[in-house]
Amino acid sequence: MKLGVLDYGGGNLRSVLNAFDAIDAHANLVTKPEDFDAIDVLVFPGQGAFGDSIRILKETGLWEPLQAWLKAEKPYLGICLGYQLLFESSEESPGVEGLCVAKGLVRKFDPTSGLKIPHMGWNVAQWAPEQAAVWSGLPNPTYVYFVHSYYPDVQDESLALCRTDYGVSFISGIAKKNLVAVQFHPEKSQEAGLTLLRNALKVLEQ
């Protein structure tokens with residue numbers, strides 16, 4: 001199985017590549033459209049603004065092959081920004097359309113809640129029992145590492161892989177055929193994150 005990590009010029013890709021090396025799953029960077037032809041699983045990690053990242057993906061020619069990959073339901077693992085872009089739009093970038101793989105709006109945490117924004121640090125993921133293959137070997141809930149100011153308000157509850165509370169209860173990960181995507185950072189979540197990456201790759205191989 002050949003892994004490709006999408007490089008759109010943002011985010012700490014080295015930590016993601018290192019995490020895959022740690023589980024003996026070498027990944028190459030996807031930097032141009034033709035690189036999609038050489039991989040079996042696409043990993044989209046990253047941090048950054050919703051609208052800016054889409055602009056960069058379009059400018060580099062990566063947006064259309066990314067859309068085609070998801071439309072064909074090829075194996076996809078999304079992390080942080082790679083999760084948020086799956087939805088229709090974001091309050092961060094009004095008027096910018098996302099990948100529309102799942103219905104929902106990416107919302108900003110309420111600044112009047114008294115909570116620190118961004119949501120940064122360890123918090124729990126409460127796993128959905130029906131998605132047990134993705135979190136096999138992990139406790140329920142599991143502490144994982146977050147860094148984000150926006151969260152997807154997911155319309156289809158059946159997609160939920162896990163939930164997290166931070167002023168509001170939100171779906172912090174989704175899973176469906178050939179797709180796993182999470183708001184938190186497995187590559188920063190120590191052994192629990194590596195276990196999740198192993199499981200996700202097994203699920204996506206099926």
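The values are calculated or read from the model by the stated rules, or taken from the named source; none is laboratory data. What you are looking at is a predicted structure, and each value in this text was computed from that prediction instead of being measured. Glycine gets a Cβ as well: all are built from the backbone with ideal geometry, and neighbour counts include every protein chain shown. Ligands, DNA and RNA are stripped out before the accessible areas are found, and what is left, the full protein with its side chains, is counted by its heavy atoms. Shrake-Rupley method; radii C 1.70, N 1.55, O 1.52, S 1.80 Å.
Taking amide H as placed 1.01 Å from N in the peptide plane, GLY78 has its amide H under 5 Å from the amide H of PHE44, VAL180, ALA181, VAL182, each at least 5 places away in sequence or on another chain.
Taking LEU77, LEU194, LEU85 in turn, the Gaussian network model of the chain (Cα-Cα springs below 10 Å) assigns the largest fluctuation to LEU194.
Global size of the chain: 15.6, 47 Å for Rg and Dmax (C-alpha atoms, Rg to one decimal, Dmax whole). When peptides 110-123, 170-183, 38-51 are ranked by their average number of other Cβ atoms within 10 Å per residue, the highest-first order is 170-183, 38-51, 110-123.
Mean projected area of the convex hull spanned by the Cα atoms of the stretch 4-98, taken over all viewing directions: 5.6 nm². Using the alpha carbons alone, the radius of gyration of the stretch 30-83 stands to its Kirkwood radius in an Rg to Rh ratio of 0.93. Accessible area per residue for the chain, computed on protein heavy atoms with a 1.4 Å probe, is 45 Å².
Shape verdict for the stretch 3-51, please, from the Cα gyration tensor: rounded (a/c under 1.5), prolate (a/b greater than b/c) or oblate. It is oblate, given that a/c is not under 1.5 and a/b is not larger than b/c.
Cα convex hull, the stretch 62-165: 121 Å³ per residue, rounded to a whole number. Just checking the listed ones, PRO186, PRO75, PRO94: in the Gaussian network model of the chain with Cα springs under 10 Å, the one fluctuating most is PRO94. Ranking LEU17, SER136, ALA160 by Cα position along the charge dipole of the chain, where only Lys, Arg, Asp and Glu carry charges on their C-beta atoms, puts SER136 farthest toward the positive end.
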